[in-house]
Structure formats: structure tokens, C-alpha cells
Amino acid sequence: MRQSKLFTKTRKETPVDEISKNAQLLIKAGFIYKEMSGVYAMLPLGLLTLNKIINIIREEMNGIGGQELSLTALQEKELWEKTNRWDDAVVDNWFKTKLKNDTEVGLGFTHEEPLTRLMKDHISSYRDLPLYAYQFQTKFRNEIRAKSGIMRTREFIMKDLYSFSKDEKEHMEFYEKAKQAYKNIFVRAGLGDLTYLTFASGGVFSKYSHEFQTISDSGEDIVYINKDDLGAGLNMDSRHAVLNKEVYTEEVKKELNLSGDFEENKAVEVGNIFTLGTRFSEALGLTYKDEDGKEVPVFMGSYGIGPARLMGVIAEVFSDDKGLVWPREVAPYEVHLVKLGVNPEVSDFADRLYEDLKSKGVSVLYDDRDLRPGEKFADSDLIGIPVRFVVSDKTLAVEKIEVKYRNKTDTELMLEADALKILN
């Protein structure tokens, strides 16, 4: 992409109606557009990053046997009444509306019920199990107060995977694979060293769940982390928790068979996994015939992660006073090529380098605009692409390229061949 053709522009001023760092930076850098409170549109740069995150998640879900589908957002009242989750006293964040014929419908906030019903057409024998289906689908949650930028919104894309197993043993075998797949996602997204698996309440889903929590000063959750055991953490939101830390870390640790010292941290939930058991299959009649011909309810699990929420957390964690600092695998482009000056020879060299990078499969944002160097560098820092190549009269004179990593302060002059090697 030539930056002169990119319709989005950076802003110098911080949006006055945003208090969260991720929204401030993403709006200033031209990644997102605020439609209304809790509702954001993805602009070209933002969509590139979001799709990078989605692709990471998709690869990891496919790697554990997931099959991708797409369910509907419109939900039938009668289906959800069978599990008692249509009631606003049970689920208080429904968006509900009516069709022209006065039929009441909802906009899905999750999809256990519709997928369970769908699977009645596809699961009848033990030979049909296990089965793992997932989707990237828009969810709607009528939050009382949307906040935290794109980390808590009223409309958002969710990756939700649902597992259908013969019994708890088969379910737990997959559950452990899902844990590892989630860890892989956060490592690839750059958050591996900051993200911990914690125990928490299952809310309207199950008694207990596991949450993946990323340590961040912007976090709304309080978690207790055992940093000597990355598999042990506790979320203050657990229904068994109390605000008294001593009681919390003694009684709940005992119930969950945990040991060691736990350290209090602020954190953001970036993913969760639940054991659902037979709650939904029994309510909706999803059964299979075992080897003896007996009807048995399917044992289920649920596994969620919000790609845009993850994008917001990355923006919170990987940023500085100049702007965003994207990890390589989720950055909108691999290289930001910046041309300085209007010297025809410099322009020719930069144009040729741009085409050469593209031909090698390198994604590049080419700043070919006629602006002062300071403006270009400020925009480059704000956008946060991991590597910057600068071409100018100075670099052309020595037949080299100025290379700067976004997360470092130093620059280095490199031969073109050497500069290209760092992208491998």
C-alpha cells in the first residue's frame, strides 16, 4: 500500500471522548472509527491487524481438529427458553427485538443453544463423536456501560468453539489440547510472557472455568498469579472468592488443589474455556447411541476468544509515548518504507525497493507522501509497524538503507541485501 493512497489519516489530537489507551491510539493511528459508545468500525489498517489475529486463531483451532462454520446472529426465543437463558433475570445483556409479524427474537451473545440444536441433525451414534465446531461470528451484548475501548464493546467478533464428546474423559483430553492451543495463540500474538491461565467462575455457563488473563495496568480484573507455576492462577471474580485476600487464597486454593504463594495483579481476560457437561445436551435433547445402543447425552465444552479484544490488549501492552508497537506476527505490515525528499534518484530507488519487497512477498506500507521527515517519522512511530526502512539522499550516497526497529531507539545503515535478510 502506498501511503499517499491510504484514505485514512493519522490524528495529532487524542480523542476527547476516549479514556482507554487502546482506543486513543487506534483512533489516532487510523486503525478504528468510533460509530457510537461501545461500537467501533475497523478501518483498513485495523482490519489487516484483526485478520492477522484471526488467522493465528484459525490455524490453532484447525490444528486441534476444529471445523469452521458460521451460525446466525438472529436467535429464536423458544430455543433459549428451553435452557432458561432467555430470561433477563438470568442473562441481563440480551439485545432483543421483534420481527414484522411481532415474533420476538434476540441477537446472539453466545451460541451453545443453536449449535446444540443443529448438531441433533449430525450426531446420532458414538461413531459421530468427538466433534469440534467453531466460528468467527458477530456477537451482541447489551452492556450497561461500554468501556475500555475495543476491549469491551456491545458488538464484536468472537471465536467460539464448541466440543461434543462421548464422555468426560474424552472431553478432558480435548480440553487439554485447547489449553495448549490458546497458549500458542498468545505466544504468537506476543503476549505469551504476560498471559496466565487462571481459575474463575463459569457464570451462566458452568461452575468453574479457566480464563487466560494478561497482566496489564488497564485490567479490570484482579487475579492472583503463582509465577512459579504458569498453570496456577485465581480470578477475584470467582463466585467462591471473597474480597479478603487471605480467605480467598486459602479456601479457594484448597478447593482447587493449588499450592504456593500467589501475587496480586491487575489483568485483562483475553480468553476462556468451559466444561459444559450435559447441561445443554440434556435440555435440548442432543444424545447419541453408545456401543450397547443406549441413548446417552453428549458431553460438551465451550472455548471463547475475542480477536478485537485481543487486538486492544496488544495495543495497551505494546505501546509507548510515541504510539503503537505491534509484534511482528500481528502488525498490519511487515515493513514501513519511508522515502525522504523529492530527489528523483531517491524516488526511483524507493519505488524500485517497494516493488522488490512486494515481489518477495513482503507486506509493506510505502510512505511516498511529500511531507517533512519529522511528520513522516511521527506517523511511522504512531502506526507502529515493527521495522522501518528509510531511503534518503544520505542513504543513497552510501548505497545503503537506514533500518530502525520500532521497539528500539538506534538506527543502522545496511546494504539492501542485509536489510532484506532481517525480514526472513
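Criterion first (over 30 Å from Ile150 (Cβ atoms), aliphatic (A, V, I, L, M) and surrounded by 15 or more Cβ atoms within 10 Å (Cβ to Cβ)) does Leu415 satisfy it?
no
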Just checking, how many residues over region 32-70 are of a type outside the set (Val, Ile, Thr), surrounded by fewer than 16 Cβ atoms within 10 Å (Cβ to Cβ) and under 30 Å from Lys98 (Cα atoms)?
8
Of all residues in region 3-18 being without any contact (Cβ under 8 Å) to a residue 60 or more places away in the chain and over 19 Å from Ala378 (Cα atoms), the one that is surrounded by the most Cβ atoms within 10 Å (Cβ to Cβ):
Asp17
Residue check, Glu176 against (1) buried (at least 21 other Cβ atoms within 10 Å of the Cβ); (2) free of Cβ contacts under 8 Å to residues at least 40 places away in the same chain, all met but one. Which one?
(1)
Given the conditions (1) surrounded by fewer than 20 Cβ atoms within 10 Å (Cβ to Cβ); (2) modelled with pLDDT of 95 or more; (3) more than 20 Å from the chain's Cα centre (by Cα), every one holds for Val204 apart from (2)
Pick from region 342-356 the residues that are touching a strand residue (DSSP E or B) at 6+ places or on another chain (Cβ under 9 Å) and surrounded by fewer than 21 Cβ atoms within 10 Å (Cβ to Cβ): which of them is nearest to Phe31 (Cα to Cα)?
Asp351
Candidate set: region 127-177, residues that are part of a strand (DSSP E or B) and polar (S, T, N, Q); chosen: the one farthest from the chain's Cα centre (by Cα):
Ser165
Would you confirm whether or not region 76-92 contains a residue that is within 12 Å of Ala283 (Cβ to Cβ), within 28 Å of the chain's Cα centre (by Cα) and hydroxyl-bearing (Ser, Thr, Tyr)?
no
Let me confirm something: among Val342, Val338, which residue is closer than 21 Å to Ala397 by Cα and part of a loop (DSSP other than H, G, I, E, B)?
Val342
Mind telling me which of the residues Val391, Val364, Val398 ends up being in the same structural domain as Asn343 (by TED's automatic domain parsing) and under 20 Å from Leu45 (Cα atoms)?
Val364
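The values are calculated or read from the model by the stated rules, or taken from the named source; none is laboratory data. Quick caveat: nothing in here was measured; it's all calculated off a predicted structure. All Cβ positions, glycine included, derive from the backbone under ideal geometry; neighbour counts span all protein chains shown.
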